[in-house]
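Single-structure report; data block below.
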Amino acid sequence: MENLQDSWNSSRGENSGILKELLAAAAARAVAPLFHSASRKYGLRSPDHFLGLAMTGRLGPLALRRMISSVQEGSTEIMLHPGVSDSELERIDTRLFHQRNAEMDALIEPAVRGAIEERGIRLITYGELN
């Protein structure tokens, strides 16, 4: 089982970038009302809530379960970058190469699925929004 520190660190055990991610999340939260207003005005589909920006590349099973426990009424998008770090992904210029495996592992963790079921959360596609 993952410990709390691991859920906040990248797969390489680094804490670099956390402040940058927190600042980006704060900025996104500040402009969220404008985004929602523009979305409604132009009929764009968007979730009611958004989680995960501050955890980019650091989202293990424990952190994902904490996010699931904080999901509010309405639709919520949790930002993830799951994948398999193979030769095809290696050819793409991405800073989240190794973290994609960690986020994929978090998504398939039985305890994460259990948390989703326990909260009665229904997983949907963007086509089902609004």
**Prompt:** So, in region 32-63, of the ones that are of a type in the set (D, E, K, R) and surrounded by fewer than 17 Cβ atoms within 10 Å (Cβ to Cβ), which residue ends up farthest from residue 74 (Cα to Cα)?
**Reply:** 41
**Asked** Can you find even one residue in region 7-19 that is buried (at least 17 other Cβ atoms within 10 Å of the Cβ), under 24 Å from residue 118 (Cα atoms) and modelled with pLDDT under 85?
**Response** yes
**Message:** Can you tell me which condition residue 67 does not meet? The list is (1) modelled with pLDDT of 75 or more; (2) surrounded by fewer than 17 Cβ atoms within 10 Å (Cβ to Cβ); (3) touching a Leu at 6+ places or on another chain (Cβ under 7 Å); (4) not aromatic (Phe, Trp, Tyr), and all the others hold.
**Reply:** (2)
**Request:** Please work out which residue is modelled with the lowest pLDDT, limiting yourself to region 78-122 and to residues that are more than 26 Å from residue 46 (Cβ to Cβ), touching a Leu at 6+ places or on another chain (Cβ under 9 Å) and in a loop (DSSP other than H, G, I, E, B).
**Result:** 97
**Message:** For the structure I just gave you, tell me whether residue 79 is surrounded by 13 or more Cβ atoms within 10 Å (Cβ to Cβ), more than 23 Å from residue 28 (Cβ to Cβ) and under 13 Å from the mean Cα position of the chain (by Cα).
**Reply:** no
**Asked** Is it the case that residue 29 is exposed (fewer than 14 other Cβ atoms within 10 Å of the Cβ) and either assigned to a loop (DSSP other than H, G, I, E, B) or on the phi > 0 side of the Ramachandran plot (or both)?
**Response** no
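The values are calculated or read from the model by the stated rules, or taken from the named source; none is laboratory data. All values derive from a computational prediction rather than experimental measurement. All Cβ positions, glycine included, derive from the backbone under ideal geometry; neighbour counts span all protein chains shown.
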